[in-house]
Amino acid sequence: MSALDSIASRRTLLRGMFGGGALLAAAPVIAACGSDSSGDTSSASATSGALTTVTCQLGWKKLAQFGGHFAALKNGYFTAEGINAKFVSGGPNIDPVSVVSSGQADIGDANGSDIMLAVSKGIPVKAFATIYQMTPNALMSLGSDPVTTLKALEGKTVGLPSTERPLLTAMLTRAGVDPKSVKMVPVGTDPSILTSKQVDAYIGYGTQQGLSLQQAGNDVKIIYFSDLGNPDYGNALFAKASTLSGKKELMTKWLRADRKGWEYFVAHPEEIAQYTYDKYHNESGAVLADEKVSAKAAVPLINGGAARDHGLMWIEKSSFEAVYELYKTAGLITKPVDYSAVMTDDILTGAGA
């Protein structure tokens with residue numbers, strides 16, 4: 001069988017979210033094969049014949065935030081579509097856009113804004129679905145000194161992954177706040193920098209790092225980016241444009257199976273959190289109680305927004321347009337964007353959305 005064309009970031013408990021720029025060393029990613037012996041793929045039945053492998057580079061480690069993928073594996077949805085689905089863990093030195101664009105994986109996930117920025121720089125990737133209708137990225141602060149608006153960041157120190165600096169700069173500018181009035185400190189993957197009061201605010205995943213801090217007994221205020229004027233998608237799925245056009249049927253089958261997995265996750269978040277923990281916690285370092293809380297908190301971010309009208313994983317141009325205006329205001333994108341190059345809903349509609 002022929003091969004496909006070559007190609008807040010996340011966390012463990014009190015660790016991890018966003019990616020750097022190193023590439024994964026990987027072999028060609030699409031081939032006719034049976035199930036992966038690692039257990040990360042669905043097993044073919046005796047009569048199903050060869051499966052086509054599709055590899056997805058995750059933005060972070062195998063945690064409940066990716067539970068819908070694992071539900072689809074668990075329930076055999078990919079196998080039913082003739083696909084051997086593989087999901088590769090991300091990490092602090094892995095940039096999914098670079099991995100996909102260089103041919104080391106077929107699919108990746110990133111913020112919708114990251115995909116648009118990549119396209120504006122001439123990188124030929126395109127979004128075709130999203131896990132989160134509203135990014136789980138959030139502004140976190142201590143209850144004893146709450147920072148709940150962008151305006152309140154003036155004169156404050158905020159810790160954030162370096163990859164999020166352009167987005168925060170854009171948000172501040174759009175809100176009428178001089179970015180120079182905010183001290184932005186690049187931080188590692190441990191949000192305890194907030195509870196130790198080394199920073200006044202912290203940017204991370206509210207559904208994960210924020211809730212983990214709260215679970216540990218800390219009074220932490222969590223304000224999601226969607227409440228700060230940023231309608232960005234979180235964990236938007238993308239592939240090379242040539243993959244989406246040249247392997248449309250295969251990508252449609254993959255997404256149809258994946259959507260079923262996310263439908264199952266939304267209905268059974270704690271069950272899939274348990275399954276994900278049982279299967280991957282030795283490599284992810286996850287804490288079960290936090291994973292269950294995180295999974296439940298993620299549901300309204302997954303099935304809200306446009307998903308209420310169009311079904312899970314829906315994407316639309318208006319969200320990318322709003323993010324473009326943020327970046328344009330901040331001077332981070334200076335040229336018009338061809339939205340047909342940024343996103344497509346053809347795979348979604350073909351998958352039943």
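For residue 123 and residue 279 in one chain, what is 0.36 nm times their gap in residues minus the Cα-Cα distance, to one decimal in nm? Write out the running numbers ahead of the final one.
Working: separation 156, 0.36 × 156 = 56.16 nm, distance 3.45 nm.
Using 0.36 nm per residue and subtracting the Cα-Cα distance, I get 52.7 nm.
Please name which of 336, 233, 213 has its Cα lying farthest along the dipole of the chain towards the positive end, using unit charges on Cβ (Lys, Arg +1; Asp, Glu -1) and the Cα centre as origin. Of the listed residues, the answer is 336.
Charging the Cβ of each Asp and Glu at -1 and of each Lys and Arg at +1, and nothing else, the dipole of the chain about its Cα centre rounds to 320 debye.
This model, with +1 at the C-beta of Lys and Arg and -1 at the C-beta of Asp and Glu, gives the range 65-140 a dipole about its Cα centre of some 20 debye. Accessible surface for the chain, divided over its residues, is 37 Å² per residue with a 1.4 Å probe.
Given 0.36 nm per residue, what is the gain on full extension from residue 197 to residue 75 after removing their alpha carbon distance, in nm?
Values: separation 122, 0.36 × 122 = 43.92 nm, distance 4.43 nm.
Extra length available between residue 197 and residue 75 comes to 39.5 nm.
Over the chain, DSSP H runs of length four or greater, each weighted -39,500 (n - 2.57), average out per residue to a 222 nm ellipticity of -10000 deg cm²/dmol. Modelled spin labels at residue 346 and residue 270, positioned 7 Å past Cα toward Cβ, are 4.4 nm from each other. The largest-to-smallest principal axis extents of the Cα set in the chain are 64, 45, 39 Å. Applied to the range 219-226, the Karplus parametrisation 6.51 cos²θ - 1.76 cosθ + 1.60 on θ = phi - 60° returns per-residue 3J(HN,Hα) values of 7, 10, 8, 10, 10, 6, 4, 4 Hz, with x for Gly and Pro.
With label points built 7 Å along Cα→Cβ from the Cα atoms of residue 218 and residue 175, find their separation and express it in nm. Spacing of the two 7 Å Cα→Cβ label points: 1.9 nm.
Please work out the Cα convex hull volume for the range 132-287 and give it in Å³ per residue.
Numbers: hull volume 22.9 nm³, N = 156.
Roughly 147 Å³ of hull volume per residue.
For residue 125, the residues whose amide H sits under 5 Å from its own are 241, ignoring neighbours fewer than 5 places away on the same chain, with H placed 1.01 Å from N. Placing a label point 7 Å from the Cα of residue 148 along the Cα-to-Cβ direction, the residues of the range 209-233 whose backbone N falls under 12 Å from that point are 221-224.
Net charge within 11 Å of residue 233 by Cβ-Cβ distance, Lys/Arg positive one each and Asp/Glu negative one each, not counting residue 233 itself? Intermediate values should be presented prior to the final figure.
Working: positive: none; negative: 109, 114, 232, 316.
Around residue 233, the surrounding residues sum to -4.
In this structure, the amide hydrogen of residue 182, modeled 1.01 Å from its nitrogen in the peptide plane, lies closer than 5 angstrom to those of 155, counting only residues at least 5 positions away or on a different chain. In order along the range 237-251, the Karplus-derived 3J(HN,Hα) couplings, from 6.51 cos²θ - 1.76 cosθ + 1.60 at θ = phi - 60°, round to 8, 9, 8, 5, 4, 5, 5, 5, 8, x, 10, 4, 5, 5, 5 Hz, and Gly and Pro are given as x. Dipole magnitude for the range 202-353: computed about the Cα centre from +1 point charges on Lys and Arg Cβ and -1 point charges on Asp and Glu Cβ, it is near 380 debye.
The values are calculated or read from the model by the stated rules, or taken from the named source; none is laboratory data. Quick caveat, the model's predicted, so the values are computed rather than measured. Here the Cβ is made from the backbone with ideal geometry for all residues, glycine too, and neighbour counts use every protein chain on show. We work out accessible area using only protein heavy atoms, side chains counted, and drop any ligands, DNA or RNA first. Shrake-Rupley method; radii C 1.70, N 1.55, O 1.52, S 1.80 Å.
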